[in-house]
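Engineer: If you scroll down you'll find the structure; I have some questions about it.
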Amino acid sequence: MFALDWDSIVAARNVIGAGVAVTLQVTLVAIAGGIVGGAVLAICAVSGRRSLQLFAKFYVALFRAVPLVMLLLWFFLIVPQVLRTFFGLSPSIDIRLVSAMVAFVLLESAFFAEIIRAGILGLSKGQFEAAAALGMTRYQTMRLVILPQAFRAMLPIMLTQCIVIFQDTSLVYVISLGDFFRNTVSIGERDGTLVPMLLLAGAAYWAICSGLSGLVRVLQNRAAA
Amino acid sequence: MGYNWNWGVLLQPVATGEAATYLGWILHGLLLTAALTLSAWLLALFVGTAFGILRAWPSRLCDAVGATYVSLFRNVPLIVQFFIWFFVVPEVLPTAVGDWIKSITPSTQVFIVSVLALGFFTGARICEQVRAGIAALPDGQVQAAQALGLTRLQTFRLVLLPQCFRRILPPLTSEFLIISKNSAVASTIGLLELSGQARQLVDFTAQPYESFIVVTLAYIGLNVVILRLMEWIQRRSRLPGMMGA
């Protein structure tokens with residue numbers, strides 16, 4: 001039962017490869033979109049404008065209160081309708097993939113916003129004052145003084161969050177998107193090798209994630225030294 | 001968008017012939033989510049503390065055992081762990097135990113598996129908090145305990161752990177919040193908790209927005225209740241000068 005049938009895995013390499021591609025696409029889009037969205041939200045949160053602050057606070061609270069599974073189900077419901085209504089749904093796009101990407105970008109924006117906000121607030125007030133004394137505008141202060149320092153300080157936490165995102169993409173299972181995990185399960189069910197396939201999937205995730213978190217630890221130690 | 005809102009559907013009797021309404025199903029799901037969250041948190045606390053003690057124990061071997069547990073359960077996605085607990089573990093156990101597990105009512109079986117999966121997953125996070133909490137205590141605590149003639153186990157039970165728990169109470173309670181959200185993953189192995197009911201209702205009523213909105217509000221409500229509870233616990237247990245900020 002545990003004998004891993006390598007031939008069947010080799011035969012299924014295209015399916016698994018396609019799954020890996022989906023996992024990587026969702027992960028990378030979630031990280032890139034999440035950092036951009038998170039930076040915007042964080043700047044709203046530390047801006048002096050009350051309306052912007054309230055918006056950022058509400059957004060972060062809302063997205064952090066709802067489980068990822070529900071968010072994925074929600075956006076798989078909403079995104080296709082929006083695409084159909086506003087963009088004239090083209091049959092060539094993979095609705096599940098787009099829905100998952102939208103859900104992840106919006107959710108991770110909330111998480112990155114909290115990380116970046118903490119990074120900005122961690123800087124001393126003197127940084128803002130010095131920039132103001134030099135005659136910089138608010139935008140210049142953020143871009144040239146605050147954000148570069150904040151990003152350096154929060155790099156380890158952000159990298160850890162990236163590993164979490166990579167793991168969380170496996171939840172696209174609930175909208176039947178064929179990522180690495182879903183396709184591994186499908187092949188296991190088809191060939192009656194679910195047990196070894198699940199162990200294989202677990203081992204793959206473990207190897208990648210523990211390798212990456214080891215790397216983060218090295219980076220962290222080097223930064224601390 | 002041509003969507004026909006029909007909130008009344010939630011109060012209709014369910015199509016399976018049970019004496020329940022669809023709203024009743026959602027409430028049942030909410031109860032299951034709450035029960036699962038609480039049970040998994042208690043298990044996580046127990047498992048996390050046990051392995052946390054192992055990690056802080058002055059023995060290379062104990063530390064390695066604890067570190068292996070943390071590495072395994074933190075670096076594999078939660079849904080994969082759910083599937084392994086559900087599909088793999090009964091096969092690995094001795095046949096008699098496996099058969100016994102398979103003889104349990106499916107709904108009970110899925111609930112127990114969910115508690116185990118969530119508990120051990122979260123336990124790995126709590127383990128690291130316990131270890132850090134013990135490591136943060138000054139060396140003098142251990143030395144003083146030894147000077148009083150306490151055994152190693154007594155030192156942990158009477159001196160280190162009580163102080164450690166006071167310190168790590170805030171992260172421990174936020175784990176409770178995290179479990180309540182992670183519990184939604186249990187729907188993938190067929191547990192009809194909140195999000196499982198949300199999916200089931202879409203199939204039965206064809207009114208996805210109504211059921212999703214009610215379920216989402218239920219999650220938000222649960223969130224608010226847990227947050228209030230956390231604040232209350234933290235206020236109750238605060239000692240002057242011990243909680244940091």
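Engineer: Quickly run through segment B:126-144 and pick out the residues that are touching a residue at least 40 places away in the same chain (Cβ under 8 Å) and surrounded by fewer than 18 Cβ atoms within 10 Å (Cβ to Cβ).
Structural biologist: Matches in segment B:126-144: B:Ala135 only.
Engineer: Right, another one. Just checking, how many residues over segment B:131-178 are hydrophobic (A, V, I, L, M, F, W, C), more than 16 Å from B:Gly52 (Cβ to Cβ) and out of contact with any Ser or Thr (no Cβ under 8 Å at 6 or more places or on another chain)?
Structural biologist: Of the residues in segment B:131-178, 6 are hydrophobic (A, V, I, L, M, F, W, C), more than 16 Å from B:Gly52 (Cβ to Cβ) and out of contact with any Ser or Thr (no Cβ under 8 Å at 6 or more places or on another chain).
Engineer: Another question about this same structure. Might you let me know whether segment A:71-78 holds any residue that is away from chain B (no Cβ under 14 Å) and crowded, with 22+ Cβ neighbours inside 10 Å?
Structural biologist: Scanning segment A:71-78 turns up no residue that is away from chain B (no Cβ under 14 Å) and crowded, with 22+ Cβ neighbours inside 10 Å.
Engineer: Which of the residues belonging to segment A:154-168 are in contact with a Gly (Cβ under 8 Å, 6 or more places away or on another chain) and either within 12 Å of another protein chain (Cβ to nearest Cβ) or not in a helix (DSSP H, G or I) (or both)?
Structural biologist: The one that is in contact with a Gly (Cβ under 8 Å, 6 or more places away or on another chain) and either within 12 Å of another protein chain (Cβ to nearest Cβ) or not in a helix (DSSP H, G or I) (or both): A:Ile165.
Engineer: What's the total number of residues in segment A:169-204 that are within 11 Å of chain B (Cβ to nearest Cβ), assigned to a helix (DSSP H, G or I), in contact with a helix residue (DSSP H, G or I) (Cβ under 6 Å, 6 or more places away or on another chain) and not aliphatic (A, V, I, L, M)?
Structural biologist: Result for segment A:169-204: 9.
Engineer: Of the numbered conditions (1) among the small types (Gly, Ala, Ser); (2) out of contact with any Cys (no Cβ under 7 Å at 6 or more places or on another chain); (3) in a helix (DSSP H, G or I), A:Ala56 fails exactly one; give the number of that condition.
Structural biologist: (2)
Engineer: Can I ask one more? Quick one: B:Val76 ticks every box in (1) part of a helix (DSSP H, G or I); (2) without any contact (Cβ under 8 Å) to a residue 12 or more places away in the chain; (3) β-branched (Val, Ile, Thr) except a single one, so which number is it?
Structural biologist: Failed condition: (1).
Engineer: Quick one: which of B:Glu128, B:Glu91 is part of a helix (DSSP H, G or I), farther than 19 Å from B:Phe51 by Cβ and of a type in the set (D, E, K, R)?
Structural biologist: Values: B:Glu128 fails: farther than 19 Å from B:Phe51 by Cβ.
The unique qualifying residue is B:Glu91.
Engineer: Here's something else I'd like to know. Does segment B:53-68 hold any residues that are within 23 Å of the chain's Cα centre (by Cα) and among the hydroxyl-bearing types (Ser, Thr, Tyr), and which are they?
Structural biologist: B:Thr68
Engineer: So which of A:Phe111, A:Phe63, A:Phe104 is in contact (Cβ under 8 Å) with a residue 12 or more places away in the chain, away from chain B (no Cβ under 13 Å) and closer than 30 Å to B:Val225 by Cβ? Break it down stepwise before answering.
Structural biologist: Values: A:Phe111 fails: away from chain B (no Cβ under 13 Å); A:Phe63 fails: away from chain B (no Cβ under 13 Å).
Going through A:Phe111, A:Phe63, A:Phe104 in turn, the sole match is A:Phe104.
Engineer: Starting from residues that are touching a Gly at 6+ places or on another chain (Cβ under 6 Å) and away from chain A (no Cβ under 12 Å), keep the ones in segment B:78-124 and report whichever is surrounded by the fewest Cβ atoms within 10 Å (Cβ to Cβ).
Structural biologist: The qualifying residue surrounded by the fewest Cβ atoms within 10 Å (Cβ to Cβ) is B:Val110.
Engineer: Can you pull out the residues in segment B:19-34 that are at pLDDT below 90 and within 26 Å of B:Leu229 (Cβ to Cβ)?
Structural biologist: Within segment B:19-34, none qualify.
The values are calculated or read from the model by the stated rules, or taken from the named source; none is laboratory data. Keep in mind that what you see is a predicted model, and the values were worked out from it rather than measured. For neighbour counting, all protein chains shown are included, and Cβ atoms are generated from backbone atoms with ideal geometry for every residue, glycine included.
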